[in-house]
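S.K.: Attaching a single structure in structure tokens format; questions to follow.
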Amino acid sequence: SDLRLAVDHRIPGPNHTRTPQLLPMLMLPLSLLRTKCRIPWTLVTLPYSRSQLYMERPVENAIRSKLTETLKPSHLEVLNESYMHAVPKGSETHFKVVVVSESFLGKSLIQRHRLVNELLKDELAGPVHALSIQAKTPQQWEENPAISKSPACMGGSKHDPEMGRKLGTQV
């Protein structure tokens, strides 16, 4: 989902100086606001309250709350990737979580994934169809803060004409 924002974007000029320029009413993905992005933008306005956003994303917020309460992450991203799949707009079925926590120290990758899956067992038994997990220690995150790109949908793609007919959408 997108939000309308005004941002102060610093445009590189001669000698690599940055000139402020207000770019009003850009459409930015909400996930961008939750990341530690390296884009030189300053948020100017946000027309939605935190409670409105919470109510509109119950599954995403349940995932965020459970991971935060138990793992006490130093970095957490919960990315709703449902838009990449053949599901109705606004669905909360496909997620990627990037979680950095000292709780992962001394644990293998499979142990980390099992821990996250156990914490989210209710969501995985219900509305969540797919969960991609990047579970890192703070040292691993510091050495490589990259987030792996999600693969293309291997199931019924929303770009597949047959799936488009099933969903009642045009592709």
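S.K.: Checking the condition polar (S, T, N, Q) and touching a helix residue (DSSP H, G or I) at 6+ places or on another chain (Cβ under 6 Å), which residue from S101, S148, S132 passes?
M.R.: S101
S.K.: List the number of the failed condition for L131; all other conditions in (1) out of contact with any strand residue (DSSP E or B) (no Cβ under 9 Å at 6 or more places or on another chain); (2) free of Cβ contacts under 8 Å to residues at least 60 places away in the same chain hold.
M.R.: Among (1) out of contact with any strand residue (DSSP E or B) (no Cβ under 9 Å at 6 or more places or on another chain); (2) free of Cβ contacts under 8 Å to residues at least 60 places away in the same chain, L131 violates only (1).
S.K.: Out of the residues in region 75-92 meeting the condition of being of a type outside the set (V, I, T) and closer than 15 Å to A146 by Cα, tell me which one is surrounded by the fewest Cβ atoms within 10 Å (Cβ to Cβ).
M.R.: H75
Readers should treat all values here as calculations from the given coordinates under stated rules, not as data from a laboratory. Computed from a predicted model, the values in this text were never measured in an experiment. Using ideal geometry, Cβ is built from the backbone for each residue, glycine included, and neighbour counts are taken over all protein chains shown.
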